[in-house]
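Enquirer: Sharing a structure here in structure tokens format.
The values are calculated or read from the model by the stated rules, or taken from the named source; none is laboratory data. What you see is a predicted model, and the numbers here were worked out from it, not measured in a lab. Using ideal geometry, Cβ is built from the backbone for each residue, glycine included, and neighbour counts are taken over all protein chains shown. To get the accessible areas, we keep the full protein, side chains included, count just its heavy atoms, and leave off ligands, DNA and RNA. Shrake-Rupley method; radii C 1.70, N 1.55, O 1.52, S 1.80 Å.
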Amino acid sequence: MDALSKEDFVIPPAKYEYLDHTADVQLHAWGDTLEEAFEQCAVAMFGYMTDLERVQMTQLHHIEAEGHDLESLLFHFLDELLFMFSAEPFIVAKKVKITNFDRENFKIFATALGEEFTIGKHTQNAEVKAITYSAMQILDRPESERPELFVIVDI
């Protein structure tokens, strides 16, 4: 595991909510920056799948994603994290931190802190089957308003 500071284990306040959507769920996340909104959207996805209060931050995973615009970047970012959860050893992240957000080339490098999902220790909430582009919105506003994301995931 890479060297981590105490700050790496501080969980930021939740800046997301769940909005009902037929056969799917819409993740609505926001932040002080677009990067934070992306991070919060990732945590929202994991929080929908399991109770994050039960997740310890014992493992660090590096994630890379790229796209051709912000929407495809968000899609691929969440998809990479979903793959991390869906493939052995089934890692669930309690915190996701973007270490490099390249808006010109639409690339993200991030770290995910969490642990292996264990039935019995972790609750099994809804299974997220896929990320979708359906009704995806990225509201990257001027500094006076918070950036917001809306992403529908297949459950």
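Enquirer: Please list Met45, Met136 in order of solvent-accessible area, largest first, computed with a 1.4 Å probe with all protein chains present. Mind showing how you got there, number by number?
Expert: Details: Met45 0, Met136 25 Å².
Listed by decreasing accessible area, they come as Met136, Met45.
Enquirer: Run through segment 46-120 and list the GluC sites (Glu not before Pro) located in a DSSP loop whose Cβ has at most 15 other Cβ atoms within 10 Å.
Expert: Those that pass, being in a loop and sparsely packed, are Glu104.
Enquirer: Still on this model: Report, to the nearest whole %, how much of the accessible area of the chain belongs to carbon and sulfur atoms, 1.4 Å probe, protein only. List each step's numbers first, then the result.
Expert: Values: 3950 of 8200 Å².
Whole-percent figure for carbon plus sulfur exposure: 48.
Enquirer: What range in the chain is the longest one free of trypsin sites (Lys or Arg not before Pro) that are in a loop by DSSP and have at most 15 other Cβ atoms within 10 angstrom?
Expert: 1-102
Enquirer: So if each residue of separation counts as 0.36 nm, and I subtract the Cα-Cα distance between Asp140 and Ala126, what length gain in nm does that give?
Expert: The Asp140-Ala126 span can extend by a further 2.2 nm.
Enquirer: Explain nothing, just the number: relative contact order of the chain, from Cα pairs under 8 Å at least 6 residues apart, as a whole percent.
Expert: 28
Enquirer: Grab the beta carbon distance between Asp51 and Ala3, set R0 = 35 Å, and tell me the FRET efficiency rounded to 0.05. Show your work: numbers first, answer last.
Expert: Working: r = 29 Å, r/R0 = 0.82.
With R0 = 35 Å, the Cβ-Cβ based efficiency is 0.75.
Enquirer: Additional query: What accessible area per residue, rounded to a whole number of Å², is obtained for segment 96-145 using a probe radius of 1.4 Å? Walk me through the numbers on the way to the answer.
Expert: Details: 3080 Å² over 50 residues.
For segment 96-145, the solvent-accessible area averages 62 Å² per residue.
Enquirer: Counting other Cβ atoms within 10 Å of each Cβ, which chymotrypsin sites (Phe, Trp or Tyr not before Pro) in segment 21-119 have at most 14 and sit in a DSSP loop? If you can, show how the numbers build up before the last one.
Expert: Details: sites: Trp30, Phe38, Phe46, Tyr48, Phe75, Phe77, Phe83, Phe85, Phe90, Phe101, Phe106, Phe109, Phe117; in loops: Phe90, Phe106, Phe117.
Here the sparse-neighbourhood loop sites are Phe90.
Enquirer: Counting only residues 5 or more places away or on other chains, whose amide H sits under 5 Å from the amide H of Phe117 once H atoms are built in the peptide plane?
Expert: Residues meeting the criterion, in which the H sits 1.01 Å from N, are Ile91, Val92.
Enquirer: Continuing with the same structure: Counting each pair of different Cα atoms once, what's the Kirkwood radius of the chain in Å, rounded to one decimal?
Expert: Radius from the Kirkwood sum: 15.6 Å.
Enquirer: So what J values fall out for segment 30-37 if you push phi through Karplus, 6.51 cos²θ - 1.76 cosθ + 1.60 with θ = phi - 60°, rounded to Hz, Gly and Pro as x?
Expert: With the stated coefficients, segment 30-37 comes to 8, x, 6, 10, 5, 4, 5, 4 Hz.
Enquirer: Show me, for segment 136-146, the HN-Hα J-couplings you get by feeding each phi into the Karplus relation (A = 6.51, B = -1.76, C = 1.60, θ = phi - 60°), rounded to Hz, glycine and proline as x.
Expert: Listing the rounded values in order: 5, 9, 10, 9, 9, 9, x, 3, 6, 10, 6 Hz.
Enquirer: Can I ask one more? Solvent-accessible area of Ser144, probe 1.4 Å, all protein chains present, reported in Å² to the nearest ten, please.
Expert: 110
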